[in-house]
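The values are calculated or read from the model by the stated rules, or taken from the named source; none is laboratory data. Here the structure is a predicted model, which is why all the values come from computation and not from measurement. Ideal geometry is used to build each Cβ from the backbone, glycine not excepted, and the neighbour counts take in all protein chains shown. Quick note on the areas: whole protein, heavy atoms, side chains included, nothing else; ligands and nucleic acids left out. Shrake-Rupley method; radii C 1.70, N 1.55, O 1.52, S 1.80 Å.
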Amino acid sequence: MKDLLTIRSAGPGDVPAIHQLLAEYAARQIVLPRSEEDIRYYLGNFVVAESHGAFRGCVAVRDFGNQLLEIRSLAVRPEAQGRGVGRAMIEAVKSGLRLERGSFRLFALTVRPEFFRSLGFRVVGRERFPEKIWSDCSGCPKLECCDEIAVLWEPPAAREKRSAREGS
């Protein structure tokens, strides 16, 4: 499947598949629920993966301003898991952002930090993202018992600058 995988911007015809997949993950409290209307409204933030014309997964990127973006609504169909679909979507998002913006920081709150670490993210404290906490976490059913870990990816140049500051 990996060789035949296509990553592309989501279109209106993808809304039902995105909604269904996210509903499955939301029922297991892995992602926050999203209505079809919400998905349609933010469709420009979504990327989808497909193989042989079949929907395999989705991911969205939210812009918090100040070059801070969030990976959200990352989900892969069960039959496609472990085949590089999530990795391909995240790498496509990073590549697109490099072309579009040049400099940016990309974070996620996840129950699978090891997946993100394999993509160059590092574990950080959630308190680094008050924008996220105020906008989404305050209404989350897991607020008082959150099991999600914050991860952050920065371009190599930004990591080197941060390391130099921390080392001095």
Original post:
In the stretch 59-103, what residues are of a type in the set (Lys, Arg) and outside any strand (DSSP E or B)?
Top reply: Arg77, Arg83, Arg87, Lys94, Arg98, Arg101
Original post:
Inside the stretch 18-33, can you point out the residues that are open to solvent by 30 Å² or more (accessible area, probe 1.4 Å) and either in a helix (DSSP H, G or I) or touching a residue at least 24 places away in the same chain (Cβ under 8 Å) (or both)?
Top reply: His19, Gln20, Ala23, Glu24, Ala27, Gln29, Ile30, Leu32
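Conditions (1) closer than 11 Å to Ile71 by Cβ; (2) open to solvent by 60 Å² or more (accessible area, probe 1.4 Å), marked per residue:
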site: Ala88; (1), (2): no, no
site: Arg101; (1), (2): no, yes
site: Phe104; (1), (2): no, no
site: Ala108; (1), (2): yes, no
**OP:** Determine if the stretch 39-58 includes at least one residue that is out of contact with any Asp or Glu (no Cβ under 6 Å at 6 or more places or on another chain), among the charged types (D, E, K, R) and either open to solvent by 50 Å² or more (accessible area, probe 1.4 Å) or in a helix (DSSP H, G or I) (or both).
**Re:** yes
Original post:
From Ile90, Ile18, Ile71, which residue is in contact with a strand residue (DSSP E or B) (Cβ under 7 Å, 6 or more places away or on another chain), more than 22 Å from Leu152 (Cβ to Cβ), at pLDDT 95 or above and of a type outside the set (Asp, Glu)?
Top reply: Ile18
